[in-house]
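Right, one structure below, let's go through it.
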Amino acid sequence: MQKIIIGNLKMNLLTIAERDQYLESFKKELKKSKISDLDVVLCPPAVHVENFVKKNKTKNVAIGGQNIFWEDRGSYTGEISAAMLKNLGAQYVIVGHSERRKYFSETNVDANAKIKNALKNGLVPIYCVGETKEDREAGNESQVIAEQIVEGFADISSAKAASIVVAYEPVWAVGSDVIPKSDEIMQVKILLKRIFADAYGITVAEKIKVLYGGSVKAASAKQVCTDAGMDGVLVGRESLIPNEFIKIAEIINANQF
């Protein structure tokens, strides 16, 4: 299975000049790189999606959104629909990110509605799951993650489920420079694959990509991805620095087979 690296640029790139500088730098770093067998996804703020799509000329680089609403259109002031992103040329969208859950009280049920709408409109959902520090200290991480998966995938067919990307993002690790050990990450992947196999069968379970997200850096990329048996990574802060992001991509690319 070809691995994937996703950059979540979050609420950054405040000006047109900053955006253009980022794209130029990313293009330059990508051209110098030795990435050949890796899917790359950049998820900029919604206001930049159209420009990122227009300026992206690389075959294995796709553009995604950071969030969507669960309806296609209507009186939902300030929201962005999957249909909008798709029609701008986006191919992916992040759903259920820990920051959406924390700051906007989004639930697994909300994520499920968004995943269904993304799939309906031909977008690949990147569904984020993971435990908080409190969950971990209480020993409830497996139960929390299982609930996020069961509720997030509710009423989604096998054919649709196979295309979903799941990002394991321990909330306590995000932005903290503290990461789980490789075997701890692998245990989560085993848990997820077991849930998928029970719900959809082994064939579909094998097709669902499981990534790691949370303070991913070049220095830790091999530990959190290759050594942990993951299918790729979801990168936050480091994705804002093109040369660092590409370094992570090169490490994963070189160690994926």
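Just to be sure before I move on: is E244 of a type in the set (D, E) and under 17 Å from I35 (Cα atoms) in the structure I sent? Walk me through it before giving the result.
Values: of a type in the set (D, E): yes; under 17 Å from I35 (Cα atoms): yes.
Yes: the conditions hold for E244.
How many of the residues making up segment 5-19 are touching a residue at least 12 places away in the same chain (Cβ under 8 Å) and closer than 13 Å to L240 by Cα?
The first filter runs over segment 5-19 and keeps only residues touching a residue at least 12 places away in the same chain (Cβ under 8 Å), leaving 5-13, 19.
Narrowing the set further to residues that are closer than 13 Å to L240 by Cα leaves 6-13, 19.
Final tally of qualifying residues: 9.
Tell me, please, whether a residue that is among the aromatic types (F, W, Y), under 27 Å from F245 (Cα atoms), within 19 Å of the chain's Cα centre (by Cα) and at pLDDT 95 or above can be found in segment 188-203. Steps first, please.
Step one: list which residues in segment 188-203 are among the aromatic types (F, W, Y), which gives 196, 200.
Filter again for under 27 Å from F245 (Cα atoms), leaving none.
Scanning segment 188-203 turns up no residue that is among the aromatic types (F, W, Y), under 27 Å from F245 (Cα atoms), within 19 Å of the chain's Cα centre (by Cα) and at pLDDT 95 or above.
So which residues in segment 134-155 are within 19 Å of L191 (Cα to Cα), of a type outside the set (S, T, N, Q) and over 19 Å from the mean Cα position of the chain (by Cα), if there are any at all?
As a first pass, look at segment 134-155 and keep what is within 19 Å of L191 (Cα to Cα): 135-154.
Restricting the remaining residues to those that are of a type outside the set (S, T, N, Q) gives 135-139, 141, 144-147, 149-154.
Scanning segment 134-155 gives D135, R136, E137, A138, G139, E141, A154.
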Filter segment 2-27 down to residues that are buried (at least 21 other Cβ atoms within 10 Å of the Cβ) and within 15 Å of the chain's Cα centre (by Cα), then give me how many there are. 7
For segment 213-227, which residues satisfy the criterion of being of a type in the set (D, E, K, R) and in a loop (DSSP other than H, G, I, E, B)? K217, D227
So if I check each of N253, N243, which one is outside any loop (DSSP other than H, G, I, E, B), farther than 18 Å from K3 by Cβ and touching an Asp or Glu at 6+ places or on another chain (Cβ under 7 Å)? N243
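The values are calculated or read from the model by the stated rules, or taken from the named source; none is laboratory data. Since we're looking at a predicted model, the values are computed, not measured. Note that each Cβ is placed from the backbone with ideal geometry, even for glycine, and that neighbours are counted across all protein chains shown.
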